[in-house]
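Structure first, then comments.
The values are calculated or read from the model by the stated rules, or taken from the named source; none is laboratory data. Predicted model only: the values in this text are computed from it and were never measured. Counting neighbours? That spans all protein chains shown, and the Cβs are built from the backbone with ideal geometry, glycine included.
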Amino acid sequence: MLAKLQVRTEDEATMLTVTPDEAELLYTSDEKQLYIGDGTTVGGILVTDTPFIREDMTLNVPADYSDINEALDFLSAFRISNNATVTIDVANGTYVYTETILVNHPDAAFIRIVGNETTPSSCVLWNPIAEAVVQVKGVSLGYLSGFKIVGEDDQVNHPYSGTVNRMGLEVESNGGSEVGSLEVIYCYNGVNVKQNSFANIDVLKGTNCSVFAVYVSNCSSVRMITSCDIQDNTYGIAAGTNSYLVANTAGMVIKNSTQIGAHANYNSTVDVSGATITGNGARDINVQNNSFIAAHGTTFSTSMPAPNVAGADNTLLITA
């Protein structure tokens, strides 16, 4: 016997009004369950029975789970319905990790990881070993806020040989994250967004990073919304390889980099209009290789190219 097999996607309320044909599959977009039709049963017959979280839930660290990874491991056994939010609520303290905090749950959009949003320095995530302290990979995280992310080595308690280019918050592989208040310190790159990914960051403090406080690359974007305090890094903020970075309010302060404050390279665009970019070693603003920086109302002193004049390699810095 030959049967027609087709899939219909509906929300649960609509699906319960439908009598699917025999062998027709129905997938509920809100409840995330699969049904198959027998030709007579309204809504079809449940095929999948994956455990679902259907109501808001809070996982407390360390009261319920010793750390964020343990809470994420618990969640890996469940799917999360669209109408539910899971909050991983992390108490003040210093949490030392030897493995990356990896966020890759298929329903990460409904997960919030929250520390101390008022004083992020009171809730420290420190990893002296791994290549990233926090990594969002291939998914969009609903919210991350209230942490001081530390990538400093600890050769006494965690000795190793070789070089680890440790990222603070890394978003990659078509990933994304909404970020509230965050501090990054002693990392290779404090915030590293790459490979068709994005991050929207409300408040950021980035200091003492060995290369970039914020780096976005490979067709990705970063938007800093309210304010940033970025200082004492090798480079402040930068976009490279077809990427876009926005830090265009008066609350953006980028200073005292040993090299460059704001940088655009390889077909990228940076908007620092209204920001203060001063005291950076080589220059405050730098544009290279078919790139563009907008700096309307920006406070800065040194730049390449000069403002409002076409530079080498199709570069442009616009201030008016």
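Quick notes
- SER227 vs. criteria assigned by TED's automatic domain parsing to the domain that holds ALA294, hydroxyl-bearing (Ser, Thr, Tyr) and not in a loop (DSSP other than H, G, I, E, B): yes
- Just one residue in the set THR249, THR258, THR226, THR234 is β-branched (Val, Ile, Thr), at pLDDT 95 or above and over 15 Å from GLY206 (Cα atoms); that residue is THR249.
- In the set (1) touching a Pro at 6+ places or on another chain (Cβ under 9 Å); (2) more than 16 Å from GLY142 (Cα to Cα), the condition left unmet by ASP67 is number (1).
- Scanning the stretch 1-11 for residues that are surrounded by fewer than 11 Cβ atoms within 10 Å (Cβ to Cβ) and modelled with pLDDT of 85 or more turns up nothing.
- Cβ pairs under 7 Å, 6+ apart, first in the stretch 1-20 and more than 17 Å from THR41 (Cβ to Cβ), second loosely packed, with under 11 Cβ neighbours inside 10 Å and modelled with pLDDT of 60 or more: none
- Residue match in the stretch 302-312 (condition: buried (at least 24 other Cβ atoms within 10 Å of the Cβ) and farther than 17 Å from LYS205 by Cα): no
This table checks each residue for (1) outside the structural domain of PHE198 (by TED's automatic domain parsing); (2) among the hydrophobic types (A, V, I, L, M, F, W, C).
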{"site": "THR40", "(1), (2)": "yes, no"}
{"site": "ASP56", "(1), (2)": "no, no"}
{"site": "ASN69", "(1), (2)": "no, no"}
{"site": "SER81", "(1), (2)": "no, no"}
{"site": "THR85", "(1), (2)": "no, no"}
{"site": "THR100", "(1), (2)": "no, no"}
{"site": "HIS105", "(1), (2)": "no, no"}
{"site": "ALA109", "(1), (2)": "no, yes"}
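- Residues in the stretch 54-86 that are buried (at least 18 other Cβ atoms within 10 Å of the Cβ) and either assigned to a strand (DSSP E or B) or among the basic types (Lys, Arg) (or both): LEU59, VAL61, ARG79, ILE80, VAL86.
- One residue from VAL179, VAL139 being touching a residue at least 12 places away in the same chain (Cβ under 8 Å), closer than 27 Å to THR249 by Cβ and β-branched (Val, Ile, Thr): VAL179
- All of CYS187, CYS219 fail the test of being closer than 24 Å to SER122 by Cα, in a loop (DSSP other than H, G, I, E, B) and of a type in the set (A, V, I, L, M, F, W, C), apart from CYS187.
- Residues of the stretch 179-198 that are under 17 Å from GLN231 (Cα atoms) and hydrophobic (A, V, I, L, M, F, W, C): LEU182, VAL184, ILE185, CYS187, VAL191.
- The strands (runs of 3 or more DSSP E) located wholly in the stretch 96-153 that include 3 or more residues which are hydrophobic (A, V, I, L, M, F, W, C) occupy 101-103, 111-114, 123-126, 132-137, 147-150.
- Residue under evaluation ASN174, criteria (1) buried (at least 20 other Cβ atoms within 10 Å of the Cβ); (2) farther than 18 Å from ASN233 by Cβ, criterion not met: (1)
- The residues in the stretch 40-93 that are touching a residue at least 40 places away in the same chain (Cβ under 8 Å) and within 20 Å of the chain's Cα centre (by Cα) can be counted, and the count is 3.
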